[in-house]
Amino acid sequence: MTTQFYPSNERGTADFGWLKANFSFSFGNYFNPKKVQFGMLRVLNDDTIAAGMGFGTHPHANMEIITIPLEGGLKHRDSMGNEGIIGFGEVQVMSAGTGITHSEMNANASQQAKILQLWVFPEKENVAPRYDQKSFDLESQINTFVTVVSPEDKNDGNALWVYQQTFFSLGIFESNTNITYSIKIPENGVYLFLIDGEIEVDGTTLNNKDALGITATTGFKIIFKQKSKLLLVEVPMEHK
């Protein structure tokens, strides 16, 4: 097993007043040649959006975009006619495909919103754009990973799906527990992002917003030293 530790304090940052962002990978004006992507995972942005503010209408194409609210909610509107609010406990997916425009605004006029937004390169390009969102109750499934995103051809109906052989799993785990994660597709890697808490993997300790890239293994054990919330992204390491 090969691992690469990514401390939270070494992420790229940006402060636009209304938006405070942390970039796990090169994005916007932040460029680090050692942090361009992890396999097919291209973007992991940890954003705090001021009350009533947000991302105005802008385009995307040929990218799988996954948004996970950590606090508050976003008002979504897109060129396909979708409009609504995505809140804490929900996950949103967009397959940009041949092209889509959308806006994501803080749904609350008096409180900030916090989100994770991730982009994954698709295995199929120029597909018809699509949008979906779904609620996931992690608190009722404590100490287990909940698959929230899976590939189109491996979806069991419980998760959202995208055009890539990727699996997004979220979980809340109590302290003094451990779990073994088994790689679902051989040769995939895992980008493990600790939302909050403290864990240990292969002798490396992670705290809030630290990440660990894991490759060349069929599985690994996670030890939870504190109550923790974890995002695990399994992705192909090469485009096929």
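What to note about this one:
- Residue within the range 138-148 that is more than 19 Å from the chain's Cα centre (by Cα) and open to solvent by less than 30 Å² (accessible area, probe 1.4 Å) present: no
- The one condition in (1) in contact (Cβ under 8 Å) with a residue 24 or more places away in the chain; (2) touching a Leu at 6+ places or on another chain (Cβ under 8 Å) that SER150 fails to fulfil: (1)
- Filter result for the condition that a residue is closer than 30 Å to GLY203 by Cβ, modelled with pLDDT of 95 or more and in contact with a Ser or Thr (Cβ under 8 Å, 6 or more places away or on another chain), over ASN9, ASN22: ASN22
- Any hit, the range 163-186, residues being more than 23 Å from PHE88 (Cα to Cα), open to solvent by 70 Å² or more (accessible area, probe 1.4 Å) and not polar (S, T, N, Q): yes
- Looking only at the range 205-240, residues that are assigned to a strand (DSSP E or B), over 23 Å from PRO69 (Cα atoms) and of a type in the set (S, T, N, Q) come to 2 in all.
- Output for the range 214-240, where each listed residue is of a type in the set (D, E, K, R) and either under 19 Å from ILE185 (Cα atoms) or crowded, with 17+ Cβ neighbours inside 10 Å (or both): LYS221, GLU234, GLU238, LYS240
The values are calculated or read from the model by the stated rules, or taken from the named source; none is laboratory data. Predicted model, so just to flag it, every value in this text is computed and none were measured. Glycine also receives a Cβ, built like all others from the backbone with ideal geometry; neighbour counts cover every protein chain displayed. To get the accessible areas, we keep the full protein, side chains included, count just its heavy atoms, and leave off ligands, DNA and RNA. Shrake-Rupley method; radii C 1.70, N 1.55, O 1.52, S 1.80 Å.
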